[in-house]
Amino acid sequence: MAIKVISPGLATTVQDLGRPGYYHLGIPISGAMDRFALRVANMLVGNEEGAAALEAVFMGPELEFTADATVAVTGGDLPPKVDGEARESWSSFEIKAGQVLSFDYLKSGARAYIAISGGIDVPVVLGSRSTYALGALGGFEGRPLGKDDELKLLSETLGAGSGRTVVPELRRLPGNPAELRALPGLYWHWITEESGTNFFSDTWKVAPEADRIGYRFKGGQHIQFNERERPFGAGSDPSNIVDGCYPYGSIQVPGGTEPIVLHRDAVSGGGYFMVGTVISADMDLIGQLQPHSETRFVKVDMEEALAARHDRQAMLDKVRASLA
Amino acid sequence: MKTRYTFGGDEHIFVEVDEEMSLEAFFKSLSMTNGVRDKGIKGVTEICPANASFQIKFDPDVISPNEMLAELKKIEATAEHADHTIETRIVEVPVFYKDPWTHETLMRFRERHQDPNGTDLDYAAKINGFDNADEFIKAHHSAPWFVSMVGFVAGLPFLYQMVDRARQLEVPKYLRPRTDTPKQTVGYGGCFSCIYSVRGAGGYQMFGVTPMPIYDPKQEISYLKDFMVFFKPGDIVKFAPIDHTTHDKIVAEVEAGTYQPRVKTVTFSLDDFNKDIDAYNQKLEEVLYGD
C-alpha cells in the first residue's frame, strides 16, 4: 500500500489514455477526459505519459501517503495542499510518508489530474487501467474511489523529483464562452438550413447532466427537421435513426431539443440522429466544462480540424521539450 | 439501398448502408466490416458494425481521412459481389416473459410511457394487432433473431427478427427514457429487441428477463471466462419461454458454475433463407435442438 483514501472526492477515478479496440462490443475507450492534462501531469513527475493517474471531478480527494512520492496536479484549477500547506498546480512537489494530500475548492475548469511518481497499480483490463464505471470494468474495482480504499503504486520512486513546472502558456483551459469546434455531418442533412445556422450561432449552456459518458447542452433553439418519410425500423420520432454507431464527440439531439456530446465513456451506439462531431483537438476542453458554462459550437471543415489537431500536437511537443 | 459516407469529426467515418433496416443492409454492413478487418488497413483503430450501417475509427496521423474514404469505397465495390453466407452460432436464450422485476420497474416509470394505464406488453400487443399479450409473446419467440449490432453499453445485443417485413413487430421507445432497467431485461424499440447487459438507464419497452448473464467484467461465470462479452454481430438467437421455476433453477446453475447455454455452429445463407423463410428457420431450430 502507498496511498490511503481518507475521503474520495465526488467521483475520483483511475484513468490512463484508455482502452481502444472494443468499441464494437459497446466497451468505450474511457481514459482521461482531458488527455493533455493527464500526459503533462505524468511528465512532470517523470512517469510514462500514459501512466495511470487519478481524475478528480469538481472536488478533490484527501489522500494519505505511506511512502515518499512526487506528485503533480494539472487540468482544472483545483489547488493542492500538503498537510494543509498550499502547493502549485502544473508543478511537481514532494510528499513524505505520513503526509496528507488534499485540495482547496475548484477555481476553474472541472477536472484535475493527480499523477504520482511510479504510477497507480491497478490490474490492466483489456489493455488499460482506466475505469469504465458503467460496465464495472477496470480501474479500482471497476468504480470511483471510496473511503478507506488503499491504492498501490507500480514502484515506489521519487521519479523526476520536485520543482518541475509547465509555463502558463502551455496550459490549456476553455475560454468564456467556451468554443468547441465541430465538423457538420452524419445526419446534418436532416435539419433545416435555418436550424443549422442557429445551432452554430446560439449560445448554449452546459446542463447538469454532464459526465464521462456525455455532456448535455441547453438554451439554444430547437431543431426543425426537413419533411421526410420515416425509415423502417427507426422509430416514430423525427430524431430517430435505425440504431447506429456513435462517434466519440458526436453531437446527438434527441427530440431536436438538447444536444448531447458523447465523451470517453460514450454509449457506443443508439437511435438518435447526430448533426456533427466535435473535433479531436477540442475533446479535452469538454472535460473542463462546469455545468452552466456558456458554450458555442464553431463550424469547421476537415482541413481546419486537421490543422487544429496538429496545433495540439505541437503544443504537447513544446511541453515535452520543456521538461526533457 | 444507396451507401452514404460521412465523416464523424477527424477520426471517424460513418457509413450508412441503408437508411432503413433490412437483413440485406445488415449483411452488406457485416461484409464490408469483415473486408476492412481482412485488409488490415494501417491506422484503423475500431471497426464497429451496426444494424444497417457501420463506423470506422482511424488515426488521421497515420491515414488521411480521404485515403480512408477511398479504401472503404474499394471495399464496397468488392462487397457487392460477396455471397451472403456466414459461418455463425445459433444460441438459445431462455426468457421469463411477464416477470415480476420488469413489471415493478415499468410501473415505477408509467408516466414516461405512451399508455400509462397498461403494461409495456399489453401496449405492444395492441399496436401490433394482437388480441392479447400472450399472442404477442408467441410472435416474439416463435421465429429466431439476428444479433445485428452489439453496443450502447458493454455487451448489449440488438436483435432483428428473421421474418419478412410484414411480420416485423414494431414498438416505439418510451416517451422519455427510464433511469432504471433491471439487468438482463429483454427489451424492444423500433424493430429491434435487445438484452440489457447491465442495470441502468433505457428507453426500450420491457417484456421479460433472461436468467442467462451475457456480460461479466470479472470473467467468473463459467462460459464467460475466455471473454467477458457473450454476443457478437452475426450470432443467431432463439428465445425460449420459461416460467418462474425454470428461471430460478437457471439462476442457481449460473451461480454454481454449471450452466452452459445451448449453442451450435451453423452456416447461414441469406439467399436460401429468402427462398422460404419459415422452412429455413425450421431447419435452424433443428440444428439448435438436434444432438
Inset, instruction - Within the stretch A:171-266, list the GluC sites (Glu not before Pro) lying in a DSSP loop whose Cβ has at most 14 other Cβ atoms in a 10 Å radius. - result: A:Glu227, A:Glu229
Inset, instruction - Would you mind checking A:Lys299/B:Lys57; A:Lys107/B:Lys57; A:Lys318/B:Lys57; B:Lys74/B:Lys283; B:Lys138/B:Lys264; A:Lys107/B:Lys218 for any pair whose Cα atoms are more than 30 angstrom apart? - result: A:Lys107/B:Lys57; B:Lys74/B:Lys283; A:Lys107/B:Lys218
Legend entry - Shielding by partners, peptide B:155-161 (average Cβ within 10 angstrom, other chains): 3
Legend entry - Computed FRET value (nearest 0.05) for A:Thr257 with B:Val62, which takes r as the C-beta separation and R₀ as 45 Å: 0.75
Legend entry - Approximate spin-label separation A:Lys205-B:Ala166, in nm, with each point projected 7 Å along Cα-to-Cβ: 5.5 nm
Legend entry - Fewest-first ranking of B:Lys57, B:Lys232, using other Cβ atoms within 10 Å as the exposure measure: B:Lys232, B:Lys57
Inset, instruction - Between A:Ala110, A:Ala281, A:Ala266, find the one with the highest GNM mean-square fluctuation for chain A; connect C-alpha pairs within less than 10 Å. - result: A:Ala281
Legend entry - Cleavage-rule hits (trypsin sites (Lys or Arg not before Pro)) in the stretch B:185-242: DSSP loop, at most 16 neighbouring Cβ within 10 angstrom: B:Arg199, B:Lys218, B:Lys225
Inset, instruction - Please identify every one of the trypsin sites (Lys or Arg not before Pro) in the stretch A:204-257 that sits in a loop by DSSP and has no more than 14 other beta carbons within 10 Å of its own beta carbon. - result: A:Arg228
Inset, instruction - Compare the Cα positions of B:Gln282, B:Pro65, B:Gly118 along the charge dipole of chain B (+1 at Cβ of Lys, Arg; -1 at Cβ of Asp, Glu; about the Cα centre) and return the one farthest towards the positive end. - result: B:Gly118
Legend entry - Average beta carbon contacts from partner chains per residue of A:269-282, 10 Å cutoff: 4
Legend entry - Difference of contour (0.36 nm per residue) and Cα-Cα distance, B:Lys249 to B:Asp38: 71.7 nm
Legend entry - Leading residue at positive end of dipole, the stretch A:3-169 (Cβ point charges), from A:Val125, A:Val5, A:Gly109: A:Val125
Legend entry - Percentage relative contact order, the stretch A:3-169, counting C-alpha pairs under 8 Å, at least six apart: 31 percent
Legend entry - Within chain B, longest stretch clear of exposed GluC sites (Glu not before Pro) (DSSP loop, no more than 11 other Cβ within 10 Å): B:81-219
Inset, instruction - Figure the gain on full extension for A:Ile6 and A:Asp121 (residue separation times 0.36 nm, minus the Cα-Cα span) and round it to one decimal in nm. - result: 39.6 nm
Inset, instruction - Note down the nm distance, to one decimal, between modelled labels 7 Å out along Cα→Cβ at A:Asp148 and at B:Arg108. - result: 2.7 nm
Inset, instruction - Just subtract the alpha-carbon distance of B:Glu220 and B:Asn128 from 0.36 nm times their residue separation and send over the number in nm, one decimal. - result: 29.1 nm
Inset, instruction - Putting +1 on Lys and Arg Cβ atoms and -1 on Asp and Glu Cβ atoms, find which of B:Ser142, B:Ala256, B:Phe109 reaches farthest to the positive end of the dipole of the stretch B:87-289. - result: B:Phe109
Legend entry - Cβ-defined net charge surrounding B:Thr85, 10 Å radius [Lys, Arg +1; Asp, Glu -1]: -4
Inset, instruction - Note down the nm distance, to one decimal, between modelled labels 7 Å out along Cα→Cβ at A:Glu294 and at B:Gln260. - result: 6.6 nm
Inset, instruction - Calculate the mean, over all residues of peptide B:168-181, of how many other protein chain Cβ atoms lie within 10 angstrom of the residue's Cβ. - result: 2
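The numbers here are math on the coordinates, done by the rules we state, and not lab data. This structure is a prediction, so every number in the text was calculated from the model and none was measured. Note that we place each Cβ from the backbone using ideal geometry, even for glycine, and neighbour counts take in every protein chain shown.
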